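Heads up: the structure comes next, in structure tokens.
Every read-out reported here was derived from the displayed coordinates using simple, explicitly stated rules and does not represent laboratory data. The structure displayed is predicted, hence computed values, not measured ones. Cβ placement follows ideal geometry from the backbone for every residue including glycine, while neighbour counts extend to all protein chains displayed.
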Amino acid sequence: MHGVVVGVSGSAEADAALDWALAEASSRGVPLTAILAWTGPRGVQPHEYQDLLERRREDLLALLDAAVRRTGLTSVEASAVVAEGDAAESLVAAAHDVEMLVLGRRRLGRFGRLVLGSVSFEVVERATVPVTVVRSDDGAAGHDASDDGGAQDDAGHDDRIVVGVDTSGSSLLALHHAAEVAQRTGAVLEAVHAWQITTLAPLPGTWGWAPPLDDYEAFAATTLDNAIEAAGVRLPSEQLVRSVVHKSPAAALVEASTAASRLVVGARGLGGFDRLLLGSVSRQVLEYSACPVTVVR
């Protein structure tokens, strides 16, 4: 497969992901593949099994047709595949070499993995390609069916791509990816570098010394500029916004997501162990972001 792959199940969350994926495929000028994972029943005759499989395929085609009607994106080359087996396994296998994998975000509860949903969480952890997770109320945020990219989202705000930058290799890849989206769609790219002083400065009269807060902020701004240069971002000045924020990275990005059409993060930042495939900041923005989140490796 190539192009954009989206997981489909018939839920409101999956329908939102399908709409978003159609718009993304249209913007990129690539085909879309909608995948429905299905575990067939046991103890049925071969002909009965094939009949059930064909019904699942008809259901999937109906969902795809409905999404095309909703979005008006009739020019996208779209196909439907029923994958037999575990949902996470099927999606990871199908998205081996594609440009992007798109999933819906299911909100089951308030804590931990229940917020994201076990299938989405596992796929984001294991996929080797960029994965975008879309909430049901995100819809096709940032995309206009009549214009591949558009200058405004459905709420009338300027189309804005927010990317978290912490100078790790993962975040530089995210920055490069976000710049490509901004260049392709005409959206404004906001590069956010969040920093914190997590301990108190030494007390007066002690041996220690802490630089003025302005010095920290200037250093953070230089760090962000260097990361933008290292990622090879080449956008007009009016299309690139640099934001240096004295706040925790997750809080800064979740806050920025309220005015964004898309949030892009690296899978792992500076603080994680190699065995932790998804960093804590990425986890938090996936769970609490107000817009679609793309995780890049």
- Query: Where in the stretch 24-54 does the amide nitrogen come within less than 12 Å of the point 7 Å from the Cα of E84, taken along Cα to Cβ?
  - Reply: 38-54
- Between T258 and Q45, what is the label-to-label distance in nm when each label sits 7 Å out along the Cα-to-Cβ direction? 6.1 nm
- Message: Sort 72-82, 237-247, 95-105 by packing, meaning the average of other beta carbons within 10 Å per residue, with the highest value first.
- Response: 95-105, 72-82, 237-247
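Rg over Rh of the stretch 1-140, using C-alpha atoms and the Kirkwood radius, what does it come to?
Numbers: Rg = 14.8 Å, Rh = 15.2 Å.
With Rg and the Kirkwood Rh in hand, the quotient comes to 0.97.
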- Note on the structure: Proxy exposure order for D15, D137 (fewest C-beta within 10 Å first) is D137, D15
